[in-house]
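Read the structure below first, then the notes.
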Amino acid sequence: MPQNLITTPGGAGQALEVSGRSLVGAHAQITSILKSRLGHNHGELLAQPRLLPEGGIAWSTSLEGTVQPASQLAPDECAKLQQRADRLSGEIRGLAQQMATEGPAAQVVAQMLERVLLQAPGDWLYSVGGKPVFVLWGHAAPGAVLPAWTAAPAPVKAAAPVVPATPPAA
């Protein structure tokens, strides 16, 4: 049964899109990719959003355990949680960089993975049973203008060596 984390008001951040698709609306696809390519903890890093009629978002998780905002943890526990979140985020960025070289469809997914890690200013990291969980992911500060995303250049493949033809024997 999902655990509720927080409900954010509609104006808390600017919801981001990739190719016209809301990142929040793509939660199931994104977490499925993360779980299959990186592991369960990576998918669980992103709280599950539920859009509310008044424009807010209710955030929940399927993780079990005590729920606490990171800001309410003891300083050493908060630092450990932040380190875990930073490690998982770095691995997600690494996957995005890898996928950016895999062709046009994978480049769209790469952009989604890069942008899910963006958050509006605030304290949006939670501890759930000691595991990091982000809320308000895939959001920028209200009114923010994000730079255009550019895919990493595809790796240059070495050309096959040119072997001169052997002249026919006379």
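Checked against (1) without any contact (Cβ under 8 Å) to a residue 12 or more places away in the chain; (2) touching an Asp or Glu at 6+ places or on another chain (Cβ under 9 Å), Gln83 meets all criteria but (2).
This table checks each residue for (1) within 11 Å of the chain's Cα centre (by Cα); (2) modelled with pLDDT under 95.
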site: Asp76; (1), (2): no, no
site: Ala79; (1), (2): no, no
site: Ser89; (1), (2): yes, no
site: Ala105; (1), (2): no, yes
site: Leu113; (1), (2): yes, no
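Looking at segment 1-106, the strands (runs of 3 or more DSSP E) lying wholly inside it that each contain 1 or more residues that are open to solvent by 70 Å² or more (accessible area, probe 1.4 Å) sit at 3-8, 48-51. Residues that are of a type in the set (Phe, Trp, Tyr) and touching a residue at least 24 places away in the same chain (Cβ under 8 Å) within segment 87-131 comprise just one, Tyr126.
The values are calculated or read from the model by the stated rules, or taken from the named source; none is laboratory data. Fair warning: this is a prediction, and the values are worked out from it, not measured in the lab. Positions of Cβ are generated from backbone atoms using ideal geometry, with glycine treated the same way; all protein chains shown enter the neighbour counts. When the accessible area is computed, the model is the full protein with side chains, heavy atoms only, and any ligands, DNA or RNA have been set aside. Shrake-Rupley method; radii C 1.70, N 1.55, O 1.52, S 1.80 Å.
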